[in-house]
């Protein structure tokens, strides 16, 4: 059963002879134009195509042309970045300068998505000056170790990950990079053998291809880079996506079906159904609306996740019960959505002090609280410790959020807009443009079961 499904999937995602011919002609033309610009600038640089197009592991309808300009290590990072960005702006359509760990430029070339990335020419990973310097070494490793029939296995695995929402190491997804897919197939031999192995994986599962010593990593999945044993190729994979991947592999082995690779599009519920499902939960939903900064996704999503963690942490610090904090992003707005209890906190709270036997700490505790205007019951002994009862600063989470979010660190660019944030009620979150979000959030079905 799975063999026939996988065969059909490969027929859809594998490039035809015409696809390959068109892509190769486009790559040669791009290389020619970049080389011409390098010559004009009298740069002692070389170019190299890296990534899935160089390794022949790309998906027919999902590919980028990644062109690296390799500079001598004597050039400054500012110099190589400037030259790459200026070159890209002359050659690419709709060019967009990007600044993550390093500057690079992306856009379109003859209808294909393309990136032009500066890096240093190195022979081994220990010589690297930035993370991207390793990428040509990754390409070389895969081209050397991935067998011809395994290229189709990589394609199958990539499409499986795309279908379940785990493909891509970028911050928006927090999943599996293309290179991680390739070395997993090198390790296990085929898509089938890989997913059979995955069903037994646990948190912090560690994989290696070489026997060299390596550091330990505190991430859900660890795959030591065969090119650089100090790096974990799987560092981007979040706990959520790791657990989703294991679940998908187990479910696929039980009942393989095409929806793992090509899930049905989610059908948004009506607002009435969404309201009905929320009503059953008896939770309180609140939203924090913030203007979306005009920055690339690689910089935006880590900041949004930082903001959700900051809000969750500060709410719990003030004793509000938080069940979940999630987010939704549209063209101009970030919605941070908080799921909490429908409750007001008590007006007073018990604050725990030190054990009675710690005399210095006890003295400090008593002096701090004995004349404090917040105190409703002065320090007292109970079960071998000191305690004090004090007035709560906030009993309503709405008031708390309205007053406190502006004091949090939400992320470099989000902070620029946080004075304009707005705390909104559920009725303001039940809008047509959020129906897709609410359906996916409340439905709980996996993509392959829809």
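The values are calculated or read from the model by the stated rules, or taken from the named source; none is laboratory data. All values derive from a computational prediction rather than experimental measurement. Positions of Cβ are generated from backbone atoms using ideal geometry, with glycine treated the same way; all protein chains shown enter the neighbour counts.
Values computed for the structure shown
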| quantity | calculated |
| --- | --- |
| Matching entry among 385, 392 (being over 25 Å from residue 339 (Cα atoms) and either outside the structural domain of residue 358 (by TED's automatic domain parsing) or at pLDDT below 95 (or both)) | 385 |
| Counted residues, the range 111-147 - those being under 25 Å from the mean Cα position of the chain (by Cα) and part of a loop (DSSP other than H, G, I, E, B) | 3 |
| Candidates 417, 421 - the one that is closer than 13 Å to residue 334 by Cα, in contact (Cβ under 8 Å) with a residue 40 or more places away in the chain and in contact with a helix residue (DSSP H, G or I) (Cβ under 8 Å, 6 or more places away or on another chain) | 421 |
| Restricting the range 1-19 to residues that are surrounded by 15 or more Cβ atoms within 10 Å (Cβ to Cβ) and in a helix (DSSP H, G or I), the residue that is nearest to the chain's Cα centre (by Cα) | 13 |
| From 79, 83, residue being modelled with pLDDT under 95, part of a helix (DSSP H, G or I) and surrounded by fewer than 19 Cβ atoms within 10 Å (Cβ to Cβ) | 79 |
| Subset of the range 127-156 that is surrounded by fewer than 16 Cβ atoms within 10 Å (Cβ to Cβ) and without any contact (Cβ under 8 Å) to a residue 40 or more places away in the chain - its residue that is farthest from residue 9 (Cα to Cα) | 131 |
| Some residue of the range 180-188 being outside any loop (DSSP other than H, G, I, E, B), at pLDDT 95 or above and within 29 Å of residue 329 (Cβ to Cβ) | yes |
| Options 284, 221: the member that is under 23 Å from residue 436 (Cβ atoms), crowded, with 17+ Cβ neighbours inside 10 Å and touching a strand residue (DSSP E or B) at 6+ places or on another chain (Cβ under 8 Å) | 284 |
| Those residues of the range 46-62 which are crowded, with 22+ Cβ neighbours inside 10 Å and assigned to a loop (DSSP other than H, G, I, E, B), in sequence order | 57, 58 |
| Leading residue by the ranking (nearest to the chain's Cα centre (by Cα)) among those in the range 432-448 that are surrounded by fewer than 14 Cβ atoms within 10 Å (Cβ to Cβ) and in contact (Cβ under 8 Å) with a residue 40 or more places away in the chain | 433 |
| Strands (runs of 3 or more DSSP E) contained in the range 334-430 and holding at least 2 residues within 38 Å of the chain's Cα centre (by Cα) | 422-425 |
| Residue under evaluation residue 356, criteria (1) out of contact with any helix residue (DSSP H, G or I) (no Cβ under 9 Å at 6 or more places or on another chain); (2) without any contact (Cβ under 8 Å) to a residue 40 or more places away in the chain, criterion not met | (1) |
| Residue in the range 316-331 that is loosely packed, with under 15 Cβ neighbours inside 10 Å and closer than 30 Å to residue 105 by Cβ present | yes |
